[in-house]
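First comes the structure, then the notes that go with it.
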Amino acid sequence: MTAAHDFPLYPHRHLLGIRGLSPADIEILLARADDAVSLSRQQDKKSSALRGRTQINLFYEASTRTQASFELAGKRLGADVMNMSVASSSVKKGETLIDTAITLNAMRPDILVIRHHSAGAAALLSQKVGCSVVNAGDGAHEHPTQALLDALTIKRAKGRLARLTVAICGDVLHSRVARSNLILLGAMGARLRIVAPSTLLPAGIREMGVEVTNSMAEGLRDADVVMMLRLQRERMAGSFVPSSREYFRYFGLDKEKLKAAKDDCLVMHPGPMNRGVEISSAVADGPQSVIQEQVEMGVAVRMAVMQALLDPRRNDEIAA
Amino acid sequence: MSASLFERARIVDPLRGLDETGSVLVVDGKITASGADALNQGAPEGATRIDCANKLLVPGLIDSWVFIGEPGGEHRETIASAGKAAAAGGVTSLVMMPDTNPVIDDVALVEFVLRTARASAEINIHPAASVTKGLEGRELTEFGLLKQAGAVAFAEGRHSIRSSLVMRRALTYARDFDAVVAHQTTDADLAADGVMNEGLYGTWLGLPGIPREAELLPLERDLSLARLTGAKYHAAKLSTALSADAIRRAKQDGADVTAGAAIANLSLNENDVGEYRTFFKLDPPLRAEEDRQAMIEALRDGTIDILVSSHDPQDVDTKRLPFADAEAGAIGLETLLAAALRLYHSGEVPLLRLVDALSTAPARRFGLEGGTLRPTAVANLALIDLDEPWIVREEALLSRSKNTCFEGARMQGRVLQTMVAGRTVFQAESYR
């Protein structure tokens, strides 16, 4: 393990999105995350870096994996972690996000992790609380820790991010994962391609400076990385695409389509997967898949983010 | 007898095509002399003489798209508080939207509004009745009785009529009563869950977009039906270049069609939404800069006849929410004139056209008194310092709600005095 003071001070109080981070900021987080991987692979996985600190996970959308990942990250660092299950809380009785924020803030947490169905919810929360806020996904806006863990996974496998050709495939329209990845990978110098049926492309995508195509063969040609996006079930039955069968035929990743990419192309998916819709089991469980690594990197990235935000040197600064 | 003489003012009176230095004499609530030929003619004994050198005198503004919370939402705005805000903005008459609780779809409600306005507001408040009962888009309201009771237009407020058949019947029936149907068009299916302009900026914010075509498609339908029926149709709040083109074509075809736009859509664009600023969530949404430019051009060339504030008071409860969940709308009675004057100061729209859009054109379209300074007209007027700089401050606004999208904005041009039927209803502090 590297000592905390060996990392440059992270200059932001919150992590609300990848937008606004400099490449240097991203490098700090990735370096810290790389370090956290080592801790997580030891037999004794516990550190005391965040001992005495309180972390509240406020999840307005059900999410088993992301919530578990944040919880585990906090616990490995010695923080006290509380999960607010919104389904059974006063939010259902009509309490607004801001009132909930003010209430939680009064309990003096050090870090609030929020997932919300509305874009901008994390930013709104951050204006009303005195602690650090981590965006764990807000509507179709951003999911910064996902982009960071994807970048870490790629970097550890390929040694770099710059000049890699990354194809992001599927429901870009509704995907915060895609947005955060486009910003992060673009900032780090990757070449980006978007592959999706036009009904799942957001407005203005052709002005983003990425290649856009409706053909998997074209989009995957010589790619170093292919990222598949989850297609929500309610969007498969005629609203955005006619059927999951047709979607899989043209946009689902199978062995045949993957042949267009480089032989050592990484296959990624943020999970949870719809096997047989956006990805075949043979590919998801195949030799090029790094989907399990992504989950492992997820815990490390979240540890890194929380340590960077709660850097003790920052308190010294404030005290001084 | 009471008399006031406004001397040596720059008089802008679009009805007479007049922009000249002159005097305006008001006697017992009426204008009795007005223009250069009224200069140095003296005044009746006891008249208040007001030196207006370097000041602008215009017919009082007529804001034809205003939401008020009374009845049913008095915590947002009352008829009295809207009247005060209007007077401070140089607005001497306004048309109130029927989106109240209960809806203004019945003679009793029209009478309630007029009675309350007489008792509590110093400016003229004219109710628009809803086109359909309960704003539900199905059954027509009693156009004849409502008009007779004092409804000056038939409007569906925040709602848009989905059924082409209902719209056709409304226009056909309105024609029998020579009534104007004013409609803000939104295709609810196409707009879906959209909350801002559809485009790259909205995509990066992760907010669902409202395409321009959601405004255009029902507008094209309405314009076709206006041609078919020969009715008076007013496209109330346009926001896109495509819509302006549709209006141009309909006017060329000779349809009895007019168009309006909210000043916000000529002052601001989608980038003003910034980081989810809900005070900039408007309906129609703030569009791209090209659309804003096209709207200014459409105002300049008269395609857009009327400018409105689209004053829509919202409480903190409905605005302090994530962007998608917040209510749309912003207040605007007190900033309508100053925001419009930006277009004059920038040289984009001549003053005569601007005053026409703010006063004369709405008076003509909705058959309201005022809108001119010619002799015999009612003395509804606003005295303005065209150059006085000021900064919009939420705490200085008189409206009961504070959801302005001009907070902190620098303005040039300010109302000094507002007069309704010869009575001064507002005087700026600096001018007292």
Rg in Å to one decimal, and Dmax rounded to a whole Å, for region B:226-291 via C-alpha atoms: 14.3, 45
Mean Cα-pair separation over length for chain B, i.e. relative contact order, pairs under 8 Å, 6 or more apart, %: 20
Alpha carbon centroid spacing (whole Å) that separates region A:139-208 from region B:360-386: 57
Proximal lysine pairs, chain B, alpha carbons under 27 Å, eight or more residues apart or interchain: 23
Karplus-derived 3J(HN,Hα), 6.51/-1.76/1.60, for each residue of region B:57-72, Hz, glycine and proline x: 10, 10, x, x, 5, 10, 9, 9, 8, 10, 9, 10, x, 9, x, x
Residue-averaged [θ]222 nm for chain A, counting only DSSP H segments that reach four residues, each worth -39500 (n - 2.57): -11500 deg cm²/dmol
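For every other residue with a beta carbon closer than 13 angstrom to the beta carbon of B:Ala246, add +1 if it is Lys or Arg and -1 if Asp or Glu, then tell me the sum.
Numbers: positive: B:Arg212, B:Arg221, B:Arg227, B:Arg248, B:Arg249, B:Lys251; negative: B:Glu213, B:Glu215, B:Glu220, B:Asp222, B:Asp245, B:Asp253.
Combined, the nearby Lys, Arg, Asp and Glu give 0.
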Per-selection Rg to Rh, the protein assembly as shown - Cα, Kirkwood hydrodynamic radius: 1.06
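Counting Lys and Arg as +1 and Asp and Glu as -1, each charge on the Cβ, what is the dipole of region B:299-432 about the Cα centre in debye, to the nearest 20? Don't skip to the answer; put the middle values down first.
Numbers: 15 positive and 18 negative charges, 76 e Å.
For this selection, approximately 360 debye.
Evaluate E = 1/(1 + (r/R0)^6) for A:Ser281 and A:Arg13, where r is the Cβ-Cβ distance and R0 equals 41 Å; express this FRET efficiency to the nearest 0.05. Each step should come with its number before you reach the end.
Numbers: r = 43 Å, r/R0 = 1.04.
Plugging the Cβ-Cβ distance into 1/(1 + (r/R0)^6) gives 0.45.
Tell me the mean residue ellipticity at 222 nm calculated for chain B from its helices only (DSSP H runs of n ≥ 4, each -39500 (n - 2.57), averaged over every residue, nearest 500). Please report the intermediate quantities before stating the final value.
Values: 14 runs with 124 residues, N = 432.
-8000 deg cm²/dmol, from helical runs alone.
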Peptide A:195-205 - average C-beta neighbours from other chains (10 Å radius): 3
0 to 90° range, to nearest 10: angle between helix A:64-76 axis and chain A longest Cα axis: 40
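Convex hull over the Cα atoms of region B:60-158, averaged projected area in nm²?
Details: hull surface 22.0 nm².
So the Cα hull casts an average projection of 5.5 nm².
When DSSP assigns beta bridges and you keep just the ones with both residues in the protein assembly as shown, what percent turn out antiparallel, to the nearest 5? The partial results should precede the final answer.
Details: 33 of 100 bridges.
Restricted to the protein assembly as shown, the bridges split so that about 35 percent are antiparallel.
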Part-to-part distance (alpha-carbon centres) for region B:218-243 and region B:410-432, which is given in Å: 36
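Compute the FRET efficiency between B:Asp317 and A:Ser85 as 1/(1 + (r/R0)^6), taking r as their Cβ-Cβ distance and R0 = 25 Å, and round to the nearest 0.05.
Values: r = 25 Å, r/R0 = 1.01.
Efficiency, rounded to the nearest 0.05: 0.50.
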Debye, to nearest 20: dipole size of region B:284-348, +1 on Lys, Arg Cβ, -1 on Asp, Glu Cβ: 160
Over chain A, relative contact order from alpha-carbon pairs under 8 Å, at least 6 apart, %: 20
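Charges at C-beta only: +1 for Lys and Arg, -1 for Asp and Glu. How large is the resulting dipole of the protein assembly as shown about its Cα centre, in Debye rounded to 20? Spell out each step's value before the answer.
Working: 85 positive and 94 negative charges, 306 e Å.
Computed about the Cα centre, the dipole is about 1460 debye.
How far, in nm, would the chain grow between B:Thr376 and B:Thr21 when pulled straight, counting 0.36 nm per residue and subtracting the alpha carbon separation? Mind dumping the intermediate values first?
Working: separation 355, 0.36 × 355 = 127.80 nm, distance 1.95 nm.
My answer for the length gained is 125.9 nm.
What percent antiparallel are the DSSP beta bridges of chain B, to the nearest 5? Kindly include the intermediate steps, with their values, before the conclusion.
Details: 32 of 64 bridges.
Counting DSSP beta bridges with both partners in chain B, the antiparallel share is about 50 percent.
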Listed peptides A:119-127, B:272-280 by packing density, highest first (mean Cβ within 10 Å): A:119-127, B:272-280
Number of partner chain Cβ atoms within 10 Å, mean per residue of A:116-123: 6
Amide H contacts under 5 Å for B:Lys30, placed H, 5+ residues apart: B:Ala379
Debye log10 I(q)/I(0) at q = 0.09, 0.12, 0.15 Å⁻¹ for region B:109-236, Cα point scatterers: -0.32, -0.53, -0.75
In Å, descending, principal axis extents of the Cα set of region B:59-366: 50, 42, 39
For region B:165-185 and region A:1-63, distance of Cα centres in Å: 62
Vicinal HN-Hα couplings computed from phi for region B:183-199 (Karplus, 6.51 cos²θ - 1.76 cosθ + 1.60; Hz; Gly/Pro x): 9, 8, 9, 9, 7, 4, 5, 6, 5, 6, 9, x, 10, 8, 4, 7, x
Cut-off under 5 Å, modelled amide H: who pairs with B:Lys281 long-range: B:Gly329
Order of A:Asp264, A:Asp44, B:Asp99 under a 10 Å beta carbon neighbour criterion, fewest first: A:Asp44, A:Asp264, B:Asp99
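Here, each number is a calculation from the coordinates, and none is a lab measurement. Values in this document were obtained by computation on a predicted structure and should not be read as measured data. Every residue, glycine among them, receives a Cβ derived from its backbone with ideal geometry; neighbour counts consider all protein chains shown.
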